[in-house]
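The values are calculated or read from the model by the stated rules, or taken from the named source; none is laboratory data. Please read these numbers as outputs of a predicted model, since none were measured by experiment. A quick note on method: Cβ atoms are made from the backbone with ideal geometry, for glycine too, and the neighbour counts reach across all protein chains shown. Ligands, DNA and RNA are excluded from the accessible area calculation, which covers all protein heavy atoms including side chains. Shrake-Rupley method; radii C 1.70, N 1.55, O 1.52, S 1.80 Å.
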Amino acid sequence: MAEDLIILYGTKEEKYKNIIPQIEALIGNETDRIANLANIAAALKEQFHWLWVGFYLVKGDELVLGPFQGPVACTRIKKGRGVCGACWEKKETIIVPDVEKFPGHIACSSLSKSEIVVPVIHNGEVIAILDVDSAELNRFDETDKTYLEKIVSLIS
Ligand code: SME
């Protein structure tokens, strides 16, 4: 397929419905997981213009920074630490409306105000997490959870 994305300016739901088939097309014929994570991060960044979007990969007892778009970020996070480590431990999506109110939040960027973290589960195990940060408070809700969980299910 052509590598140009078609970007839509509409409601949040319309944006997800626009970008998901394009992500499916981008990763459908590619078996390399890192290549696919990289294109998913890039497609989401182009469609939503979030501050930061990317993946941390489970490696041993920690998460290690994987493909992402946005400012430089922390490279390693232990299980249970920060929002990402909590998501890994709980194996469930965590929505943080105000990062300053999340005990143990790891501030990779002082610009980040709200966050959503979604586990990528393969054969019942968390193999990575998708982390999205916004420079605005209270940016993420159940709509993001629904669609981002659908997107990560395409990987696992
Ligand atoms: N805020 C995350 C760390 C990762 S960065 O936001 C990219 C956390 O608390 O786990």
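Structure data summary
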item	result
Label-to-label distance, nm, for residues given as Lys101 and Glu3 (7 Å Cα→Cβ offset)	4.2
Region 50-153, relative contact order [Cα under 8 Å, separation at least 6], %	28
Dipole of the chain, positive end: most advanced residue of Gly124, Leu26, Ile7 [Cβ charges, Cα centre]	Gly124
For the chain, accessible area per residue (1.4 Å probe, heavy atoms of protein chains only), Å²	51
The chain: calculated mean residue ellipticity at 222 nm from DSSP helix runs of at least 4, using -39500 (n - 2.57)	-11500 deg cm²/dmol
Fraction of accessible area attributable to carbon and sulfur, the chain (%, probe 1.4 Å)	50
FRET efficiency, 1/(1 + (r/R0)^6) with R0 22 Å, evaluated for Lys90 and Thr146 via beta carbons	0.75
Cα-Cα separations in the chain greater than 27 Å, expressed as whole percent	16
Asp133, Asp98, Asp141, reordered so the largest accessible area comes first (probe 1.4 Å)	Asp141, Asp98, Asp133
Accessible area (Å², 1.4 Å probe, nearest 10) - Val152	10
Shape call, region 1-47: gyration tensor on alpha carbons, a/c limit 1.5	prolate
Inter-label distance for Ser109 and His49, nm, one decimal - labels placed 7 Å from Cα along Cα-to-Cβ	1.4
